[in-house]
1. Could you say which residue among VAL43, VAL74 is of a type in the set (Val, Ile, Thr), more than 25 Å from LEU166 (Cα to Cα) and touching a residue at least 24 places away in the same chain (Cβ under 8 Å)?
2. Is at least one residue of the stretch 128-135 in a helix (DSSP H, G or I), at pLDDT 95 or above and assigned by TED's automatic domain parsing to the domain that holds ALA148?
3. Can you name the number of the only condition in (1) at pLDDT below 95; (2) in a helix (DSSP H, G or I) that VAL192 fails?
4. Going by the structure shown, is LEU138 at pLDDT below 90, more than 17 Å from LEU163 (Cα to Cα) and outside any helix (DSSP H, G or I)?
5. Between a first residue in the stretch 176-194 that is touching a residue at least 24 places away in the same chain (Cβ under 8 Å) and a second residue that is surrounded by 15 or more Cβ atoms within 10 Å (Cβ to Cβ) and among the β-branched types (Val, Ile, Thr), which pairs have beta carbons less than 7 Å apart while being 6 or more apart in sequence or on different chains?
6. Regarding the stretch 150-159, can at least one residue be identified that is of a type outside the set (Gly, Ala, Ser) and under 11 Å from the mean Cα position of the chain (by Cα)?
7. Considering only the stretch 32-53, how many residues are surrounded by 14 or more Cβ atoms within 10 Å (Cβ to Cβ) and not in a helix (DSSP H, G or I)?
8. Restricting attention to the stretch 11-31, and to residues there that are within 11 Å of LYS55 (Cβ to Cβ) and in contact (Cβ under 8 Å) with a residue 24 or more places away in the chain, which single residue is surrounded by the most Cβ atoms within 10 Å (Cβ to Cβ)?
Amino acid sequence: MPPRRRLTPDDRRAQLLAVGAQLFAQHPYEDVLMEDVAERAGVSRALLYRHFAGKQELFAAVYRQASDRLLEQVPFDRPGDLLSQLNDGLDVHLDYFIAHRNTVLAANLVLAGDPVVQTIIDSELDALRTRILHILPLADESARAAVAAVLKSWLVFVRVLCLDWLTEETCTRTELRDTCSGALFGALRPFVPN
C-alpha cells in the first residue's frame, strides 16, 4: 500500500473517483472490489466507505463524471457541416467506449436496472438530443416534435449498436460510425432540407 497522504475531502473524493475509473475500465464490474480501490488509493476501507457507501455508488459517481466529460467534449456548437459535427461527436463517444469497454458494458448491461445509472444514461441522451435538435436546419419548425422523437429513437439505436459492437466487433470502427451517422441522416430526410 502506498504511503497515506492527507488530502482535503474534495481532493480525496477526486482521487478515489480516479482510482475507481481506472479499475472499472481495466476489469469487469464483478471483478472490482472496494478493497482493491482502497488499496490502490492508499486509504483504509473505512475512509473509502465514508465517501461511497458501496461499489454501485462509486461506479455511479465514476459514470456520472465520465458522462459529464463526454458532453463537454462533444463539439455540436462549432461551425461546420452537420455531418462532420455528428461524426466528431460519435468519434468522442467511440473513443471513450473503446478505452473504457468494461465501464460502458457495466453501465449498460450489468447495471441496466440500477435507477441511478439509468438516470445518468437518460440525462446524457437527453442532452445530446437537445444539442442535435438545436443545430438542425429544420425545413419546418412544426416538425420539431417529430424530429425530437426521431433523435430519441436514433440515440437508442446507436447505444444498442455500440454495445453489440463492444461485445463482438462485427465491423470496423469507421463502419460503425458511418452506419450511425447514415441512419440519422436517412431518418431525418423528410424533415431537414437538402
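The values are calculated or read from the model by the stated rules, or taken from the named source; none is laboratory data. Predicted model, so just to flag it, every value in this text is computed and none were measured. We place every Cβ from the backbone using ideal geometry, glycine too, and count neighbours over all the protein chains shown.
1. Details: VAL74 fails: more than 25 Å from LEU166 (Cα to Cα).
From the options VAL43, VAL74, the qualifying one is VAL43.
2. As a first pass, look at the stretch 128-135 and keep what is in a helix (DSSP H, G or I): 128-135.
Now drop any that are not at pLDDT 95 or above, which leaves none.
The answer is no; no qualifying residue exists.
3. For VAL192, the failing item is (2).
4. Working: at pLDDT below 90: yes; more than 17 Å from LEU163 (Cα to Cα): yes; outside any helix (DSSP H, G or I): yes.
Here the answer is yes, as LEU138 does meet what is asked.
5. CYS180/VAL158; ALA187/VAL150; LEU188/VAL147; LEU188/VAL150; PHE191/VAL147
6. Kept after step one, since they are of a type outside the set (Gly, Ala, Ser), are these residues of the stretch 150-159: 150-152, 154-159.
Applying the additional criterion that residues be under 11 Å from the mean Cα position of the chain (by Cα) yields 159.
Yes, because at least one residue in the stretch 150-159 is of a type outside the set (Gly, Ala, Ser) and under 11 Å from the mean Cα position of the chain (by Cα).
7. Residues that pass the stated criteria total 4.
8. In this case the residue turns out to be GLY20.
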